[in-house]
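Asker: Sharing a structure, written as structure tokens. Questions coming.
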Amino acid sequence: MKTDHQIRKEVEEELDWDPSIEAASIGVEVHDGIVSLDGHLPSYAQKLAAERAAERVAGVRAVVVKLDVHPPGTFLDEAIAQAAREALQWHVHVPTDAVKVRVERGWVTLSGHVDWGYQRRLAERMVSQLRGVAGVVNNIRMSEKTAPPDVEKRIEEALRRHALREAHRISVDVRDGTATLSGRVDSLQDRRAAIGAAWSARGISTVVDKLEVTAGRRTS
């Protein structure tokens, strides 16, 4: 089992390994397997990449992100909004004109309705990669659709297809379009994969994450 010191060292190494991240701008602290990232970065995309990098390290139970984004240069909100609208309109998996964009001081707010959970997540991911974006608020809602009666079974099968070793330890409960995941997983990456599988199911409008990360560790 890893100590907090070992986890910190490996998180710092993982941040340095990722060429999309300015690792020197990020401070890392670890307590009881919980990683805190602090500092200033030039893009929101780097902030997300840093969070994912920390999650990749075995033994990390949770990640607290305290990173500020300060894009270099001057980016007008109007230009960011236009770039976001064009990116969404050109992507084949995002329904045309389904997502509305509002930008204030670099913060992008997405609203509207889509049919699938993956479309909601995709829209956010696309906008997050644009220059000048300081943060994203995703208020996109799911259109009301009835989930098939065997949706719980389908989600469980998807978890097994995604090679999650903990699939048998994850309980799936679906009520009124809300999928609740409970149980245990070994890593934050596995938790992210499980949530993604649930979002991809037909008729799911909300995913409630009650999964516990049980990575082995020592705090000394």
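Asker: Go through the residues of the stretch 18-31 one by one and say whether even a single one is aliphatic (A, V, I, L, M) and closer than 22 Å to Leu211 by Cβ.
Answerer: Within the stretch 18-31 (the criterion being aliphatic (A, V, I, L, M) and closer than 22 Å to Leu211 by Cβ), the answer is yes, since at least one residue qualifies.
Asker: Regarding the stretch 181-190, can at least one residue be identified that is within 22 Å of Gly59 (Cβ to Cβ) and among the β-branched types (Val, Ile, Thr)?
Answerer: Taking every residue of the stretch 181-190 in turn, at least one turns out to be within 22 Å of Gly59 (Cβ to Cβ) and among the β-branched types (Val, Ile, Thr).
Asker: From the set of residues in the stretch 18-60 that are of a type outside the set (A, V, I, L, M) and more than 20 Å from the chain's Cα centre (by Cα), which is surrounded by the most Cβ atoms within 10 Å (Cβ to Cβ)? Steps first, answer last, please.
Answerer: Of the residues in the stretch 18-60, the ones of a type outside the set (A, V, I, L, M) are 18-20, 22, 25, 27, 29, 31-33, 36, 38-40, 42-44, 46-47, 51-52, 55-56, 59.
Adding the requirement that they be more than 20 Å from the chain's Cα centre (by Cα) leaves 25, 27, 29, 31-32.
Working: Ser25: 16, Gly27: 12, Glu29: 14, His31: 12, Asp32: 11.
That would be Ser25.
Asker: Considering each residue of the stretch 109-154, count those that are among the hydrophobic types (A, V, I, L, M, F, W, C) and outside any loop (DSSP other than H, G, I, E, B), and give that number.
Answerer: 10
Asker: Now for a separate question. Identify the residue in the stretch 78-107 that is in a loop (DSSP other than H, G, I, E, B) and more than 24 Å from Ser143 (Cα to Cα) and, among all such residues, is least open to solvent (accessible area, probe 1.4 Å).
Answerer: This residue is Gly106.
Asker: Which residue, of Arg154, Arg131, Arg141, is touching a Pro at 6+ places or on another chain (Cβ under 8 Å), over 25 Å from Gln46 (Cβ atoms) and open to solvent by 60 Å² or more (accessible area, probe 1.4 Å)?
Answerer: Numbers: Arg131 fails: over 25 Å from Gln46 (Cβ atoms); Arg141 fails: touching a Pro at 6+ places or on another chain (Cβ under 8 Å).
The conditions single out Arg154.
Asker: For the stretch 162-181, enumerate the residues that are under 30 Å from Val65 (Cβ atoms) and not in a strand (DSSP E or B).
Answerer: Result: His162, Ala163, Leu164, Arg165, Glu166, Ala167, Arg169, Gly177.
The values are calculated or read from the model by the stated rules, or taken from the named source; none is laboratory data. Predicted model only: the values in this text are computed from it and were never measured. FYI the Cβ positions are ideal-geometry reconstructions off the backbone, even for glycines, and counts take in every protein chain you see. Please note that ligands, DNA and RNA were not included when accessible areas were found on the heavy atoms of the full protein model with its side chains. Shrake-Rupley method; radii C 1.70, N 1.55, O 1.52, S 1.80 Å.
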